[in-house]
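The values are calculated or read from the model by the stated rules, or taken from the named source; none is laboratory data. Since the model is a prediction, treat every value here as computed from it, not as a measurement. Here the Cβ positions follow ideal geometry from the backbone for every residue, glycine too, while neighbour counts run over all protein chains shown.
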Amino acid sequence: MSNGRKKTTASSREIALTVRGVSKTFCSQSGEKVSALEGLDLTVRRGEFVVLIGPTGCGKSTLLNMLAGLAKPDRGEINFNTTPSSDDNIAYVFQHYTLFPWRTLLNNVSFGLQMRGVARRERKERARAILDQVGLSDFENAFPHETSGGMRQRAAIAQALAFNPEFLLMDEPFGALDDATRTELQRLLVRLCQASGAAVLFVTHNIDEAVMTADRILVFSERPGRIIEEVSVPLPRPRNPLDPRFMELFVRIRNAVHAGSNAPTPYRDSG
């Protein structure tokens, strides 16, 4: 796995991530080899919101884990084009909140800044600013158990964005929320990411969510995971699920996901 990072001053459409020929195989409990990903190619550009969707077990979360450095590919290369030289430029948000139960929301959001050596006064100011952006300024002294699921996920997003990452990985972050809260947080996330300029790789099983948030949707086939279709989403934001164009895209993605259970030919990303 190549993690070479180059300093760049290019525009927001410059490539932020390149994945080439990545494959990953696991061993099951019975000792059988299971191919999660095979020959995966993709690119993500700066400031782009890319959604991964496909059948359960098609390698979407495995890909995020490799991008986060939690696993290594068996073959292929992963290259981030970020400003200098550490994984501090990458944030990861999971479906289940990763907040410390013994820390207030303010202290949870400032934790990453503390680990990066930011002075106490500055990290508190930055944490308060991002809590205000996600609508939690009145709850900075609350503990996670004193808040709702939607509020905890707002805090998790704030925690991820507090140190201005260049790349944001999100693994079904809204999967446990009710529909109204989910839609609200989708729109909030898109606004925050547009403002920050972070590139986003977002995993979901929800087709509405994919069309609501994405600049581009990558449809995965059933295991081993390959990208079988790429769909651009040119709709203006905020998006309306009742817009006929939204509904057309929904149907196209639904059909592609269904076809992905038996897709023989991988899509090749042109970069």
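Take the residues of region 225-246 that are of a type in the set (A, V, I, L, M) and under 22 Å from Leu189 (Cα atoms): which is farthest from the chain's Cα centre (by Cα)?
To start, the set of residues in region 225-246 that are of a type in the set (A, V, I, L, M) comprises 227-228, 231, 233, 235, 242.
Still in the running and under 22 Å from Leu189 (Cα atoms): 231, 233, 235, 242.
On the way: Val231: 17, Val233: 17, Leu235: 20, Leu242: 25 Å.
Selected residue: Leu242.
Here are Asp243, Asp171, Asp215: which of them is over 20 Å from Phe94 (Cα atoms), in contact with a strand residue (DSSP E or B) (Cβ under 6 Å, 6 or more places away or on another chain) and not small (Gly, Ala, Ser)? Please lay out each step first, then the result.
Details: Asp243 fails: in contact with a strand residue (DSSP E or B) (Cβ under 6 Å, 6 or more places away or on another chain); Asp171 fails: over 20 Å from Phe94 (Cα atoms).
Being over 20 Å from Phe94 (Cα atoms), in contact with a strand residue (DSSP E or B) (Cβ under 6 Å, 6 or more places away or on another chain) and not small (Gly, Ala, Ser) holds for just one of Asp243, Asp171, Asp215, which is Asp215.
Look at Met151 and say whether it is part of a helix (DSSP H, G or I), farther than 18 Å from Tyr92 by Cα, among the hydrophobic types (A, V, I, L, M, F, W, C) and modelled with pLDDT of 90 or more. Even if it seems obvious, please write down each step before you answer.
On the way: part of a helix (DSSP H, G or I): yes; farther than 18 Å from Tyr92 by Cα: no; among the hydrophobic types (A, V, I, L, M, F, W, C): yes; modelled with pLDDT of 90 or more: yes.
It is false that Met151 is part of a helix (DSSP H, G or I), farther than 18 Å from Tyr92 by Cα, among the hydrophobic types (A, V, I, L, M, F, W, C) and modelled with pLDDT of 90 or more.
Take Val257 and decide whether it is in contact with a strand residue (DSSP E or B) (Cβ under 8 Å, 6 or more places away or on another chain), of a type in the set (Val, Ile, Thr) and at pLDDT below 95.
Numbers: in contact with a strand residue (DSSP E or B) (Cβ under 8 Å, 6 or more places away or on another chain): yes; of a type in the set (Val, Ile, Thr): yes; at pLDDT below 95: yes.
Yes; evaluated as a whole, the condition is true for this residue.
Mind telling me which of the residues Phe250, Phe220 ends up being under 26 Å from Ile90 (Cβ atoms), of a type in the set (Phe, Trp, Tyr) and touching a residue at least 40 places away in the same chain (Cβ under 8 Å)? Steps first, answer last, please.
Numbers: Phe250 fails: under 26 Å from Ile90 (Cβ atoms).
After ruling out the rest, the residue left standing is Phe220.
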### Task
Being aromatic (Phe, Trp, Tyr), modelled with pLDDT of 95 or more and under 20 Å from Leu37 (Cα atoms) is the filter here, so list the residues in region 201-253 that pass it.
Phe202
